[in-house]
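Any read-out appearing in this document is the output of simple, stated calculations on the displayed coordinates, not a laboratory observation. None of the values given here were measured: they were computed from a predicted structure. Cβ sites come from the backbone with ideal geometry, for glycine too, and all protein chains shown count toward neighbours.
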Amino acid sequence: MIVCSCNVFSDGQVRACLHPGPGCPRTPAQVYACLGCSPKCGRCARTIRGILSRALAEVHATCATACSAACPLSAEPRAAPAEAA
């Protein structure tokens, strides 16, 4: 689906620039930069934000499930913090 008719890019291209790590775009402006263009009319910003939100939610859900299942500490009860005397 075409997301931006001014710069002619698709939702697939937006998702393709979402790579793990600190360089992952978090805003529409960062997505534009990743795709080598700049915003024109701005009508696509809401759609880009939606794509970013859904992609990040999927990653967080996967991470939370995988991390808790693989974490040996998640099965151990946590000790209560010691009170200061």
**OP:** Return the residue satisfying two criteria in turn: it lies in the stretch 21-55 and is touching a residue at least 24 places away in the same chain (Cβ under 8 Å) and aliphatic (A, V, I, L, M), and of such residues it is surrounded by the most Cβ atoms within 10 Å (Cβ to Cβ).
**Re:** Ile48
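Looking only at the stretch 6-50, which residues are β-branched (Val, Ile, Thr) and part of a helix (DSSP H, G or I)? Walk me through it before giving the result.
The initial filter retains those residues of the stretch 6-50 that are β-branched (Val, Ile, Thr), namely 8, 14, 27, 31, 47-48.
Answer for the stretch 6-50, where residues must be β-branched (Val, Ile, Thr) and part of a helix (DSSP H, G or I): Val14, Val31, Thr47, Ile48.
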Original post:
Does Val3 count as at negative phi, in a strand (DSSP E or B) and either within 14 Å of the chain's Cα centre (by Cα) or surrounded by 14 or more Cβ atoms within 10 Å (Cβ to Cβ) (or both)?
Top reply: yes
